[in-house]
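The structure appears right after this line, and notes come after that.
Where a number appears in this text, it was derived from the coordinates with a stated rule and is not lab data. A quick note: this is a predicted structure, and the numbers were derived from the prediction, not measured. Cβ placement follows ideal geometry from the backbone for every residue including glycine, while neighbour counts extend to all protein chains displayed.
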Amino acid sequence: MTTPEGKLKDYLVKRCRELGLYAYKLSFENRRGAPDWMVCGNGKLCFIELKTSSGVLSAAQKKVLAELGTSSGCRVWVCRTENQIDGALAGLCYA
């Protein structure tokens, strides 16, 4: 049986495949707070953290997501639903 967050992961990977995007599972060595996924395609990049409807970002996640958004110029998304995943991916589908 898949967890609610596992279902979101499966949906993200499936939609990336369908849209011709690349999804990479992330972890940062010796540092907490990495977003779950880096997704790229069409010369664009975003970071996605998957959370269930009741999931809460840790202090480390909030810090890293803010740093990535500020320093990279990339969009950073926290997605709790399939519709939010679709919204995050839409920005990568158009050149």
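Numbers for the structure displayed
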quantity: Point-charge dipole on Cβ atoms (K/R +1, D/E -1) for the chain, about Cα centre, debye to 20; calculated: 100
quantity: Straight-distance crosslink candidates among lysines, where the alpha carbon sits under 19 Å from Lys14 and sequence neighbours closer than 8 are dropped; calculated: Lys25, Lys44, Lys51
quantity: Packing-based order for 33-41, 83-91, using average beta carbon neighbours within 10 Å, highest first; calculated: 33-41, 83-91
quantity: Residue-count net charge about Val76 - beta-carbon cut-off 10 Å; Lys, Arg +1, Asp, Glu -1; calculated: -1
quantity: Within the chain, helix-based [θ] at 222 nm, where runs of 4 or more DSSP H residues each add -39,500 (n - 2.57), nearest 500; calculated: -13000 deg cm²/dmol
quantity: Answer label, with Cα extents along the principal axes in Å calculated from the coordinates and candidates (1) 32, 31, 23; (2) 42, 29, 21; (3) 37, 33, 21; calculated: (3)
quantity: For the range 60-67, 3J(HN,Hα) per residue [Karplus equation, 6.51 cos²θ - 1.76 cosθ + 1.60, θ = phi - 60°, Hz, x = Gly/Pro]; calculated: 5, 5, 4, 5, 5, 4, 5, 4
quantity: Residue-span extension gain [Ser54 to Ser72] - 0.36 nm each, minus C-alpha spacing; calculated: 3.7 nm
quantity: Ranked by how many other beta carbons lie within 10 Å on average, peptides 7-20, 50-63 from highest; calculated: 7-20, 50-63
quantity: Distance from the range 20-34 to the range 45-95 (C-alpha centre basis), Å; calculated: 12
quantity: Reach of Lys62 by Cα under 20 Å, taken over aspartates and glutamates that are not fewer than 8 positions away in the same chain; calculated: Glu5, Glu29, Asp36, Glu49
